[in-house]
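Peer 1: First, the structure itself, so that you have it in front of you.
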Amino acid sequence: MQQVMTGDEYKKYVDSKAPDSKLLRNVIRAFSVGGLICVVGQFFVNSFSRMGFDMDVSASLTSMTMIFLGVLFTGLNLYDDLGRFAGAGSIVPITGFANSIASPAMEYKSEGYVLGVGARMFLIAGPVLVYGISASIIVGILHYLLKF
Amino acid sequence: MLEKKLGKQTVIFKQPPTIAATASIVGPKEGKGPLAPYFDQILDNELWGERSWEMAESKMVREVLSKTALNASKAVSRIDYILAGDLLNQCIAASFGVRESGIPMFGVFGACSTMGETMSLGAMLIDGGFASNVVCLTSSHFCSAERQFRFPLELGAQRPPTAQWTVTGAGGVLLSSEGTGPFVKKITTGKIVDMGIKDQNNMGAAMAPAAADTIFAHFEDTGLPQDYYDMIVTGDLGRIGREIADDLLSSNGIRIGSILNDCGVMIFDMKQDAHSGGSGCGCSATVFAGFLYDRLKKGKLNKILFVPTGALLSPTSVQQGESIPCIAHAVAIENG
């Protein structure tokens, strides 16, 4: 067949053909679901404080509760549906992080507990941890140096 | 001079093999699609009582093999060769699926074009006098493909509108030296075409140039008029890929837009959240074995050019930033 386009021209042409994601709709959904998850989190913070825990402990307890809920809803096959609807709204909160660890653990159970669940659990969360921890170390060192 | 070769890429058969029977099994989502009435079996559960998605996929292959033989009223022992392939690493769905059959087997890999590739090779085996009955089998499974190529199923992620949905399904085609048609008249073997697309979520755009190239070569080699076929049906370009292939062919003077169809577009309804359409080896396999074969048998379609399309990528090549090489194999099928 006669080549009518170069690779670059073809890429441009394909981009013009591909429908864009529905940006406004996705942003509204992400904002509402993400906001709602934060409201649930705030509800737990307030409840724990009212039970007499101080702010630090309440925050930790809230994280734990939200992680538990994220894993629970992943296990109930609901979090992926929420994710398909909300996009970043359910990926960014800590429940999304829990989902990214629980979902490979479920998926790779068929390869056993060591090479399956154990080895693949951090398939998606792994890079976040590696670069998150690395960044915090670098920032920590800078912070230490800037004190002088 | 080779007497069965036409041009650079096409073979014309002297004694065209008959498609004696087909069989198809699909998953629940495909079973809710517009082609549901044409499939032999619709599963109500993707795991089908197995321990893993991979084993469920090979069970589909196993069952489709026996259904294909049954639909042709032939004993499985009369099959000379099985040509089979799928998307999984080392084609395990195919080899595990035919493991107990005791029939000589060639494993074939052509990604989602495998149905076209196995039918091409099978027809050549028969016309060459090497076999009387050949079964071509291919499969794909949404869940096993997702975990191999993308993400765990329960991960809450969104897909872009250009993404496609891997079909859960297996199709079988029995080619025979004897019978009353429909016949495999010609094949046009594709060459690898790579326009530099790297986006795994836009396979239709990656594969469309390969489909257009093979269709163009078919008309070039055979000299057939552009309106010769009742339908030209590509494998899994999806809505966007079909449009691109049509555009590319038009700019090369081939205007077949009105008869150009795509299995990936046909198998799912727009409402089924499959975005650009279906994909996978099982997409063209089940649409052919289910819908297209029925239309041919009933004389609603008499001449079709079936062009399964494949994206020859691996998760490794994608991660290493390589582009996606693609291929398409055309099989010309006619009644009488």
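The values are calculated or read from the model by the stated rules, or taken from the named source; none is laboratory data. If you're wondering where the values come from, they're calculated on a predicted model, not measured in any experiment. Cβ coordinates were reconstructed from backbone atoms using ideal geometry, including for glycine residues, and neighbour counts include every protein chain displayed. Protein only, heavy atoms only, side chains kept; ligands, DNA and RNA dropped before computing areas. Shrake-Rupley method; radii C 1.70, N 1.55, O 1.52, S 1.80 Å.
Peer 1: Between residues in the stretch A:54-79 that are over 11 Å from residue B:154 (Cα atoms) and residues that are open to solvent by 60 Å² or more (accessible area, probe 1.4 Å), which pairs lie under 8 Å by C-beta distance while being six or more apart or on different chains?
Peer 2: A:61/A:53; A:63/A:94; A:66/A:94; A:67/A:94; A:67/A:97; A:70/A:94; A:70/A:97
Peer 1: Does residue A:81 count as open to solvent by 50 Å² or more (accessible area, probe 1.4 Å), charged (D, E, K, R), more than 9 Å from chain B (Cβ to nearest Cβ) and farther than 30 Å from residue B:328 by Cα?
Peer 2: no
Peer 1: Now a separate question. Please go through (1) out of contact with any helix residue (DSSP H, G or I) (no Cβ under 7 Å at 6 or more places or on another chain); (2) under 21 Å from residue B:326 (Cα atoms); (3) buried (at least 19 other Cβ atoms within 10 Å of the Cβ) for residue B:126 and return the number of the only condition it doesn't satisfy.
Peer 2: (2)
Peer 1: Let me ask you something else. Can you tell me which of (1) at pLDDT 95 or above; (2) open to solvent by less than 30 Å² (accessible area, probe 1.4 Å); (3) more than 26 Å from residue A:25 (Cβ to Cβ) is the one residue A:125 doesn't meet?
Peer 2: Exception for residue A:125: condition (1).
Peer 1: Can you list residue pairs whose Cβ atoms sit under 6 Å apart, with the first residue in the stretch A:123-148 being within 24 Å of residue B:154 (Cα to Cα) and the second being in a helix (DSSP H, G or I)? Count only pairs 6 or more apart in sequence or on different chains.
Peer 2: What qualifies is A:123/A:104; A:124/A:100; A:125/A:100; A:125/A:101.
Peer 1: Collect the residues in the stretch A:67-78 that are open to solvent by 10 Å² or more (accessible area, probe 1.4 Å) and either more than 7 Å from every other protein chain (Cβ to nearest Cβ) or touching a helix residue (DSSP H, G or I) at 6+ places or on another chain (Cβ under 7 Å) (or both), keeping them in residue-number order.
Peer 2: Residues satisfying the conditions are A:67, A:68, A:69, A:71, A:72, A:73, A:75, A:76, A:78.
Peer 1: Specify which of the listed residues (B:15, B:90, B:41) is outside the structural domain of residue B:292 (by TED's automatic domain parsing), surrounded by fewer than 17 Cβ atoms within 10 Å (Cβ to Cβ), among the polar types (S, T, N, Q) and closer than 20 Å to residue B:306 by Cα.
Peer 2: On inspection, the qualifying residue turns out to be B:15.
Peer 1: Considering each of B:120, B:140, B:101, B:113 in turn, give the residue that is out of contact with any Ser or Thr (no Cβ under 8 Å at 6 or more places or on another chain), among the small types (Gly, Ala, Ser), at negative phi and not assigned by TED's automatic domain parsing to the domain that holds residue B:326.
Peer 2: Among B:120, B:140, B:101, B:113, only B:101 is out of contact with any Ser or Thr (no Cβ under 8 Å at 6 or more places or on another chain), among the small types (Gly, Ala, Ser), at negative phi and not assigned by TED's automatic domain parsing to the domain that holds residue B:326.
Peer 1: For the stretch A:37-56, which positions are open to solvent by 60 Å² or more (accessible area, probe 1.4 Å) and on the phi < 0 side of the Ramachandran plot?
Peer 2: A:38, A:39, A:42, A:43, A:46, A:50, A:51, A:53, A:54, A:55, A:56
Peer 1: Also, quick follow-up: For the stretch B:133-183, which residues satisfy the criterion of being of a type in the set (A, V, I, L, M), farther than 17 Å from residue B:202 by Cα and away from chain A (no Cβ under 13 Å)?
Peer 2: Matches in the stretch B:133-183: B:134, B:135, B:137, B:170, B:173, B:174, B:175.
Peer 1: Still on this structure: With respect to residue B:174, determine if the residue is surrounded by fewer than 24 Cβ atoms within 10 Å (Cβ to Cβ) and either hydrophobic (A, V, I, L, M, F, W, C) or within 23 Å of residue B:122 (Cα to Cα) (or both).
Peer 2: no
Peer 1: Do you know which of the residues in the stretch A:98-115 that are of a type outside the set (D, E, K, R) and over 16 Å from residue B:156 (Cα atoms) is farthest from the other protein chains (Cβ to nearest Cβ)?
Peer 2: Taking the candidates together, the pick is A:114.
Peer 1: So how many residues does the stretch B:109-153 have that are outside any strand (DSSP E or B) and in contact with a Phe, Trp or Tyr (Cβ under 9 Å, 6 or more places away or on another chain)?
Peer 2: 23
Peer 1: Okay, next question. Filter the stretch B:50-70 for residues that are more than 14 Å from every other protein chain (Cβ to nearest Cβ) and either within 17 Å of residue B:139 (Cβ to Cβ) or open to solvent by less than 40 Å² (accessible area, probe 1.4 Å) (or both) and give the result.
Peer 2: B:59, B:60, B:61, B:62, B:63, B:64, B:65, B:66, B:67, B:68, B:69
Conditions (1) surrounded by fewer than 19 Cβ atoms within 10 Å (Cβ to Cβ); (2) more than 17 Å from residue B:175 (Cα to Cα); (3) touching a Cys at 6+ places or on another chain (Cβ under 7 Å), marked per residue:
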site	(1), (2), (3)
B:276	no, yes, no
B:285	no, no, no
B:294	yes, no, no
B:299	yes, yes, no
B:302	yes, yes, no
B:306	no, no, no
B:309	no, yes, yes
B:322	yes, yes, no
B:326	no, yes, no
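Peer 1: Then there is this: Within the stretch A:84-97, can you find the residues that are open to solvent by 60 Å² or more (accessible area, probe 1.4 Å), more than 7 Å from chain B (Cβ to nearest Cβ) and in a helix (DSSP H, G or I)?
Peer 2: Residues satisfying the conditions are A:85, A:94, A:97.
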